[in-house]
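The values are calculated or read from the model by the stated rules, or taken from the named source; none is laboratory data. Since we're looking at a predicted model, the values are computed, not measured. Glycine also receives a Cβ, built like all others from the backbone with ideal geometry; neighbour counts cover every protein chain displayed. Side chains included, ligands, DNA and RNA excluded: accessible areas come from the protein's heavy atoms. Shrake-Rupley method; radii C 1.70, N 1.55, O 1.52, S 1.80 Å.
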Amino acid sequence: MPYIPNSPSQIKEMLRACGVKSPADFYSDLPEEIRIKDDLDIPAGISEQQLKRKLLALSDKNRPLDKFNSFLGAGCYDHYIPAALSFIISQPEFSTAYTPYQAECSQGALQAIYEYQSYICRLTGMDVSNASLLDGGSALAEAVLMSARLNRRNTVIISEALNPEYKEVLKTYLKGHDLKTYEVQVSGEGKTDLSMFLNACDKDTSCLVFQSPNFFGVVENLIEIKKLFKDESVLKIMVTNPLSLAVFKEPSSFGFDIVCGDGQPLGGGLRLGGACFGFLAAKKEYLRQVPGRIVGKTLDSHGNVAYCLTLQAREQHIRREKARSNICSNQSLNALASAVYLSLLGRKGLREVALTSMSNAHYLRQGLSRIRGIKLTFSPLIFNEFVWFTDNAPQVLNELYKKGIIAGYYIGKHFNKYNGGVLSCCTEKKTKEEINDFINSLAEVLHGEKAYIR
Amino acid sequence: MERKLIFDKDRGCRNSSYITPSLDIKPEEIFGGDMLREDLSLPDISESEVVRHYMQLARLNFSVDTNFYPLGSCTMKYNPKINEYLSGLEGFSRIHPLQREDDLQGALELMYEFQNLLCALTGMKAFAFQPSSGAQGELTGILMVRSFHEINGSKKSKVIVPDSAHGTNPATATMCGYETVVIESRDGLVDIHQLEKSFDEDVAALMLTNPNTLGLFEKDILKISRIVHERGGLLYYDGANFNPLMGIAKPALMGFDIIHLNLHKTFSTPHGCGGPGAGIVGAVEPLEEFLPLPRIKKRNKTFYLDYGSEKSLGSPRTFFGNFDVLVKAYAYILRLGREGLKRAAQNSVLNANYIKKKLEKYYQPAYSKQCMHEVVFSCSEQKKRGASALDIAKRLIDYRIHPPTMYFPLIVKEALMVEPTETENKEMLDYFIRAMIKIDEDTEKNPQKLKSSPHKAAVGRVDETRAARMPVLAHTGCGKHKKSQKT
Ligand SMILES: Cc1ncc(COP(=O)(O)O)c(C=O)c1O
């Protein structure tokens, strides 16, 4: 039997030691009605060789992004991952350990997570970070619940330009709470309408949620946000792409109280959107309301520096129904991967990735602007993705797909009023040739002619 | 020598050149200086030094691949290497969640087939794969309970959990807007009288794990189910302890309506220092339509995403959950098959009972009955002799054994909860048993040695009180770069 190391004779010996004849004797408490008889509809086990064949065949039925010229982003970004990253995080001491409850034999994980927390604080400018949450959507939900605990008010104002997947997760998490959500429309530029936001604010407002760069790729007017929203009792939450923080000022300088989002862009890979983790960082005065694991620095019995999980009185295993959150297992290894990513790239490397992605996105946008029939009504203040409009967007996307181009994400799916909108993303992996190919092909699809770019 | 943080290894200059930069825009021309970062205080270190840094950290960690790790309630079984390889295949790792369905047929088929296998194992009608941890599975499940009652027009306000329940159960009830009612156990099991007394019409559900956290099978499960259902409640299964029942009994037959399974426990996916795992949720027929969306369906030979159900509670997480964890768990089930799963379950129970039998003369089992996949000891006697469960746990580290779960479940004094799993051999169990016996002797002969343990670990006993009193949670020192350095 695979993965059972004891030999039949050892098993017999152990059964004898336990005073039973067969393993079935351990199950004497199970009522007959609940037992599986001979009717278990699961195939017989297979060899590793057969398993590999079967899963290879399944995986071959997917078409990986590399088979296309892809401009898909919308919350999951295809960045280059250094080979050393995969090597480091597949070390068994990282991949096969669990939550570092026992500090003395988990210093490696603890220090790595402490460094992760430090990285998140540096990127966001916040004082404290937890050890990760499950994904960006649930991180936002936790941030909103955290605000409600802090000021005990019951409305949440979010921007229409928040990632629709996050809105959905937020809505789900708020089901059991007496919290109302108001969504404030964006302006014609694809930016949050700050005056409407201000109007929506009242004495019941618990928190304001902005995303920047927002779902449409547009960088919000953060300076204005700082000027307009002075009421300190209302918490300001910013959802962000952490990679963008290599270029933009840390959110702390714009007066945000909580910064959260998905860490996937930092070395996470695609994996059907699974290689993600939630990050959440806050001002230190909110520390006691931060959900999830936190690692702290301390001393051991010899007076040497050591690390351990700390402030556990916030957590479910101690506080039970009064816990800040129910979170237990998180996405540690993915968070660790982001720390390794930041360590490998370093200051210069990370800026290069961010700026190259941005350059490519601007280059693409400019190229599209020269095509008749393409409307770029949203603000040009973008980071790595942007929305363009065309008539019959789904058909246009289809035509491009036939040419091997995944032009982006059709936002009409979530936003009726933007039914001609496509969200296209560039990372540093895009070459000029690939971008030109997209621009030329789009011109061809629309006009049956080549638009020669450079 | 003090271990250095990565930030202390900063060289201040370096060319990583992982990518080919193409920098033809000037951000300040687009955004203006006020928006832009002047200084990014990340360290610059060469690749060889980064690799060495993390290799040195890794070696300070115990893990399943390097140590016996009998952490109760966590099912730290061996993580098959083939599954890592398979989940890394280009066709699984290089796919984007927003690709067209026809580009993702393999992934959809995998989830569809996986769902079928899980339904066969548990008796559920369908599964949703988004929930990414046990706790998120619980949140999903109890929100389904909530939606169910709301649609049926009965507002209920309470959720019952036994006093042996895991902390995530009551914490989940609160997150879903319910008041938690705790019922006391009797002989380590649900007290039927108490349950009958507490289960009034305001109770939405009972959350139960079976076998429970004491490692005992709730033998009155059918009676429990009857009480819950007669009173209009639902029965929720915390599947963290499903390992001993795989291929042997079905939660649906026990009367559970909604369940979560921890793929990172029962189905062998690695724990990654705390995650990612998966806490996928299954439901029986009448509750199926409350599951998160999208659901994966099949029409002719094509798989597609179904966003149809209006009763769905929504989505607890973005995209499809931790897809690579699903691939690994699916592969695990295929590889073991019907017989293998059952054998794994049985051997997990055998290993736990073997430890119990061999140690019961020394450590008091919380309950004398036969256990399932884990055994809980109380170290109260040892504590009287001068060494607590904590001291015993720390001393085990000197034997290069990861300590069992401590002080849980809460109803056992000085608890040590041992879950060996089926993937450990007898030699290792015997080594653990000898170590525990030796430690027991030391509680008499040399308790000081235990109290000051560990002696051979990377660090001495860590001062957790100090960490909480004076929180230092991030490195802030000397990381700021001088402005003169070019970025
Ligand atoms: C009995 C029980 N329930 C729930 C959980 C929570 O699972 P997770 O850590 O995946 O959220 C655990 C594990 O820690 C557990 O042992």
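Consider segment A:348-368. How many of its residues are open to solvent by 10 Å² or more (accessible area, probe 1.4 Å) and more than 19 Å from A:LYS191 (Cα to Cα)? Qualifying residue count, segment A:348-368: 6.
Among the residues making up segment B:68-91, those that are surrounded by fewer than 24 Cβ atoms within 10 Å (Cβ to Cβ), more than 7 Å from chain A (Cβ to nearest Cβ) and part of a loop (DSSP other than H, G, I, E, B) are B:SER73, B:GLY88. The requirement of being surrounded by fewer than 24 Cβ atoms within 10 Å (Cβ to Cβ), assigned to a helix (DSSP H, G or I) and at pLDDT 95 or above is fulfilled nowhere in segment B:360-375; no residue meets it. Just so you know, in segment B:443-472 the residues that are open to solvent by less than 10 Å² (accessible area, probe 1.4 Å) and not β-branched (Val, Ile, Thr) include one that is farthest from the other protein chains (Cβ to nearest Cβ), and it is B:LEU450. Before we move on, is B:PHE148 within 16 Å of the ligand (Cβ to nearest atom) and either touching a residue at least 12 places away in the same chain (Cβ under 8 Å) or within 7 Å of another protein chain (Cβ to nearest Cβ) (or both)? Judged against the criteria, B:PHE148 is not a match.
In segment B:228-238, which residues are touching a residue at least 40 places away in the same chain (Cβ under 8 Å) and within 22 Å of the chain's Cα centre (by Cα)? Result: B:TYR236, B:ASP238. Remark: pairs (first residue in segment A:356-384, outside the structural domain of A:GLY190 (by TED's automatic domain parsing) and farther than 19 Å from A:ASN214 by Cβ; second residue open to solvent by 10 Å² or more (accessible area, probe 1.4 Å) and part of a helix (DSSP H, G or I); Cβ separation under 6 Å; 6+ apart in sequence or on different chains) = A:GLY373/A:LEU446.
Of the candidates A:TYR114, A:TYR98, the single residue that is in a loop (DSSP other than H, G, I, E, B) and of a type outside the set (Asp, Glu) is A:TYR98. Only one entry in A:SER329, A:SER343, A:SER301 is crowded, with 21+ Cβ neighbours inside 10 Å and more than 16 Å from the ligand (Cβ to nearest atom), namely A:SER343. Just one of the numbered conditions (1) touching a strand residue (DSSP E or B) at 6+ places or on another chain (Cβ under 7 Å); (2) more than 16 Å from the ligand (Cβ to nearest atom); (3) hydrophobic (A, V, I, L, M, F, W, C); (4) farther than 30 Å from A:ALA361 by Cα is not true of A:ALA109: (2). Selection of segment B:171-201 for residues being more than 14 Å from B:ILE411 (Cβ to Cβ) and under 27 Å from the mean Cα position of the chain (by Cα) yields B:ALA171, B:THR172, B:ALA173, B:THR174, B:MET175, B:CYS176, B:GLY177, B:TYR178, B:GLU179, B:THR180, B:VAL181. Residues that are in contact with a Cys (Cβ under 8 Å, 6 or more places away or on another chain) and surrounded by fewer than 24 Cβ atoms within 10 Å (Cβ to Cβ) number at least 1 in the following strands (runs of 3 or more DSSP E) confined to segment B:114-212: B:126-128. Residue count for segment B:185-234 satisfying the condition of being away from chain A (no Cβ under 12 Å), within 20 Å of B:PRO286 (Cβ to Cβ) and within 16 Å of the ligand (Cβ to nearest atom): 3. Of the residues making up segment B:366-392, those that are hydrophobic (A, V, I, L, M, F, W, C), out of contact with any Gly (no Cβ under 8 Å at 6 or more places or on another chain) and within 14 Å of another protein chain (Cβ to nearest Cβ) number 3.
Among the residues that make up segment B:38-53, is at least one of them in contact with a Leu (Cβ under 7 Å, 6 or more places away or on another chain), under 30 Å from A:ARG53 (Cα atoms) and touching a residue at least 24 places away in the same chain (Cβ under 8 Å)? No, the conditions are met nowhere in segment B:38-53. Number of residues in segment B:334-365 that are of a type in the set (Ser, Thr, Tyr) and within 13 Å of another protein chain (Cβ to nearest Cβ): the value is 2.
Here segment A:310-322 is the region considered, the condition is being in contact (Cβ under 8 Å) with a residue 12 or more places away in the chain and out of contact with any strand residue (DSSP E or B) (no Cβ under 6 Å at 6 or more places or on another chain), and the residue that is farthest from the ligand (Cβ to nearest atom) is A:LEU311. A search for C-beta distances below 9 Å between a residue of segment A:101-125 that is of a type in the set (Val, Ile, Thr) and any residue that is part of a helix (DSSP H, G or I) and open to solvent by 10 Å² or more (accessible area, probe 1.4 Å), counting only pairs 6+ apart in sequence or on different chains, returns A:THR124/A:SER252.
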